[in-house]
1. Return the pairs, sorted by first residue and then second, in which the second residue is surrounded by 12 or more Cβ atoms within 10 Å (Cβ to Cβ) and modelled with pLDDT of 80 or more, the first residue lies in the range 1-25 and is under 21 Å from residue 96 (Cα atoms), the beta carbons are less than 9 Å apart, and the residues are 6+ apart or on different chains.
2. Note down all Cβ pairs under 6 Å where the first residue falls in the range 111-129 and is within 25 Å of residue 143 (Cβ to Cβ), the second is at pLDDT below 85 and among the polar types (S, T, N, Q), and they're at least six residues apart or on different chains.
3. Could you please tell me which pairs satisfy a Cβ distance under 6 Å, a separation of 6+ or placement on different chains, a first residue in the range 71-94 that is within 9 Å of residue 126 (Cβ to Cβ), and a second residue that is among the basic types (Lys, Arg) and modelled with pLDDT under 85?
4. Residue check, residue 91 against (1) of a type in the set (A, V, I, L, M, F, W, C); (2) farther than 30 Å from residue 40 by Cα; (3) not in a loop (DSSP other than H, G, I, E, B), all met but one. Which one?
5. Quick check: is even one residue across the range 85-98 farther than 27 Å from residue 140 by Cβ and not small (Gly, Ala, Ser)?
6. Report whether or not residue 33 is in contact with a helix residue (DSSP H, G or I) (Cβ under 7 Å, 6 or more places away or on another chain), on the phi < 0 side of the Ramachandran plot, in a loop (DSSP other than H, G, I, E, B) and at pLDDT 85 or above.
7. Please go through the range 13-30 and pick out each residue that is farther than 22 Å from residue 71 by Cα and either in contact with a helix residue (DSSP H, G or I) (Cβ under 8 Å, 6 or more places away or on another chain) or not aliphatic (A, V, I, L, M) (or both).
8. How do the pairs read when you match residues in the range 48-69 that are under 17 Å from residue 83 (Cα atoms) with residues anywhere that are assigned to a helix (DSSP H, G or I), using Cβ under 7 Å and keeping only pairs 6 or more apart or on different chains?
Amino acid sequence: MNTQQQIRNLEKTLKYTTEQLEKLKNMEIEVWEPEDGEEYYYANYYGGITETIHSVGAFDNHILATGNYFQTKKGAEMHKLRLESMKRGFLPKVGEEYWALSSVDAMIMITDWDNDSTDLGRYNLGRTFKTEAEGEAWVEKYAAAWKFVEGENE
């Protein structure tokens, strides 16, 4: 990748990050938690969605502490997709090129795998791909789940 491409990629990433920062600054966050006796949904350990009634106890406290509770089945399904999307990605060798997700909508190519915290963070979140096509397939399958979490698909 030449210097001009790197500059364009960084400018694109900066623009996206600035836009997201402005959205966050203006966002009012409402946190919903089920009350005792209220129905909610969660992504269960078997890969499904469970509808249950909240009661004060260790299990419900664990679900609430992990943020795995939703007013709607769709919310739980989107959370399940997010969890699925976070499987570890492609692990390049030092100096090897790889594709990484700079946002939910854009791919950038990183020239070198440096084994730094950014590389490792992307890898651990499943955001490293051997090819651009693999990255685009990830975006096609999982982008809706991430946008839902950001409040764009409510």
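1. 1/9; 1/97
2. 126/85
3. Pairs that qualify, where the first residue is within 9 Å of residue 126 (Cβ to Cβ) and the partner is among the basic types (Lys, Arg) and modelled with pLDDT under 85, are 89/127.
4. Condition (3) is where residue 91 drops out.
5. yes
6. Considered against the rule, which asks whether it is in contact with a helix residue (DSSP H, G or I) (Cβ under 7 Å, 6 or more places away or on another chain), on the phi < 0 side of the Ramachandran plot, in a loop (DSSP other than H, G, I, E, B) and at pLDDT 85 or above, residue 33 comes out as yes.
7. 13, 15, 16, 17, 18, 19, 20, 22, 23, 25, 26
8. These pairs meet every condition: 49/73; 49/76; 49/77; 49/80; 68/79; 69/63.
The values are calculated or read from the model by the stated rules, or taken from the named source; none is laboratory data. All figures in this text were calculated on a predicted structure; none of them were measured in a lab. Positions of Cβ are backbone-derived with ideal geometry, glycine not excepted, and every protein chain shown enters the neighbour counts.
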